[in-house]
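What follows is a set of notes on a single structure, which appears directly below.
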Amino acid sequence: MDEDFFNNKLIESFEQMLDNRDYKYYDPEDLCEILEFYIEVNDSEYAKRALDYAEKMHPDNLEIKIKKIEYLLSISELKRAGKLIQEIKDLASQEIDYLLVQARYWGLKNMPRKAIRFYEEALDIDDEETDFICNCIGNEYLNLDEVHSALIAFKRALKFNPENDYSFYSIIQCYEEIHDPDDCIAFLTDFIEDNPYSEVSWLQMGMLYNHKKKYDEAINAFDYVIAINPNSISGHTYKAIALEELGQYSLAIETLEETLQYD
């Protein structure tokens with residue numbers, strides 16, 4: 001999580017106000033940010049205090065009501081969350097955050113297809129959170145054991161944001177579940193073409209080649225890992241395994257000895 005997220009002066013100001021039992025005006029946007037912080041860090045006590053303060057200050061604000069649904073979902077109060085979802089339906093039906101809490105609500109109710117429908121509606125409204133929403137869709141497809149559909153969603157997320165590690169490793173997981181290392185290597189090859197300095201991609205490719213007993217190709221991949229990150233213990237260790245399989249024991253030992261200075 002972003003370091004600035006934890007060093008938020010707005011949070012410090014709010015907590016200082018509570019400690020001093022003061023009263024300070026906050027606009028709805030600030031209160032939503034405060035609520036989001038406490039929900040994200042799973043501090044239900046302070047989330048409740050922030051919510052009570054927000055509701056007293058802005059009792060009719062729609063964004064705060066949506067944040068209340070998020071809070072209720074975070075503490076597994078599904079019945080209360082569902083009631084509030086219905087109460088604000090007419091006012092909030094086109095709000096991106098409302099669609100996302102609806103999707104999460106149905107996901108928690110073990111109704112993945114309904115969750116997916118709301119996530120897809122959210123995608124139609126706002127493409128700024130495409131990677132996050134597509135990852136959520138992928139997770140719901142995994143809950144349905146529809147791995148190929150999940151794979152499509154995770155790939156869409158990664159295409160939108162190539163630096164999203166969650167999307168990347170979810171794709172690798174999907175390929176593992178469908179036992180398709182060749183397609184996984186093809187995916188990694190395409191990804192590396194656009195992201196040649198992706199250490200994790202070269203490492204995954206080398207591990208796949210090791211698994212397929214294509215040790216020369218594996219060593220080539222691990223050499224790229226080490227070139228990108230000379231301190232990579234994984235790169236050195238897996239390269240040594242490939243060298244050992246090829247009977248090159250002296251080189252394997254030498255490669256392992258190089259890791260001693262890093263660990």
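Taking Rg and Dmax of the Cα atoms in Å as the quantity of interest, determine which of (1) 23.9, 74; (2) 18.6, 64; (3) 18.9, 52 was computed from the displayed structure. Among (1) 23.9, 74; (2) 18.6, 64; (3) 18.9, 52, the one calculated here is (1). Using the Karplus relation 6.51 cos²θ - 1.76 cosθ + 1.60 with θ = phi - 60°, the per-residue 3J(HN,Hα) values for segment 75-83 come to 9, 6, 8, 5, 5, 5, 4, x, 5 Hz, with x marking Gly and Pro.
Pairing the Cα long axis of helix 112-125 with the longest principal axis of the chain, what angle in degrees results, from 0 to 90 and rounded to the nearest 10? Here the helix axis deviates by roughly 80 degrees. Only Lys, Arg, Asp and Glu carry charge here, each on its Cβ (+1 for the first two, -1 for the last two); on that basis the chain has a dipole of about 1160 debye about its Cα centre. In sequence order, segment 92-109 has phi-based couplings of 10, 4, 10, 8, 4, 5, 5, 4, 5, 6, 4, 4, 5, 4, 5, x, 5, 7 Hz under the Karplus curve 6.51 cos²θ - 1.76 cosθ + 1.60, θ = phi - 60°, and Gly or Pro positions carry x. Please identify, among LEU142, LEU73, LEU18, the residue showing maximal mean-square fluctuation in a Gaussian network model of the chain using a 10 angstrom Cα cutoff. Most flexible of the set in this elastic network: LEU18. Taken one residue at a time, the phi angles of segment 188-194 give Karplus couplings (6.51, -1.76, 1.60, θ = phi - 60°) of 5, 4, 5, 5, 5, 4, 8 Hz. Gly and Pro are set to x. Once the Cβ-Cβ distance between LEU246 and GLU177 is put in as r, and R0 is 51 Å, what FRET efficiency do you end up with, to the nearest 0.05? For R0 = 51 Å, the calculated efficiency reads 0.95.
Surface exposure of the chain, expressed per residue as accessible area with a 1.4 Å probe, stands at 58 Å².
Full extension of the chain between HIS211 and TYR262 yields a length gain of 15.8 nm, computed as 0.36 nm times the residue separation minus the alpha carbon distance. Over the Cα atoms of segment 38-152, the radius of gyration divided by the Kirkwood radius equals 0.99; this is the Rg/Rh ratio. Computed from the Cβ-Cβ distance with R0 of 41 Å, the FRET efficiency linking SER44 to LYS159 stands at 0.70.
Largest first, the three principal axis extents of the alpha carbons in segment 132-188 are 27, 26, 13 Å in whole numbers.
Under a GNM of the chain (C-alpha, springs under 10 Å), which listed residue has the highest mean-square fluctuation: GLY235, GLY107, GLY247? Result: GLY247 has the largest fluctuation of those listed. Build a GNM of the chain with springs between Cα atoms under 10 Å apart, and of ALA115, ALA47, ALA252 the one that fluctuates most is ALA252.
The values are calculated or read from the model by the stated rules, or taken from the named source; none is laboratory data. Nothing here was measured: the structure is a model prediction, and the numbers come from that model. Here the Cβ is made from the backbone with ideal geometry for all residues, glycine too, and neighbour counts use every protein chain on show. Accessible surface is based on the protein model in full, side chains and every heavy atom, while ligands, DNA and RNA are left aside. Shrake-Rupley method; radii C 1.70, N 1.55, O 1.52, S 1.80 Å.
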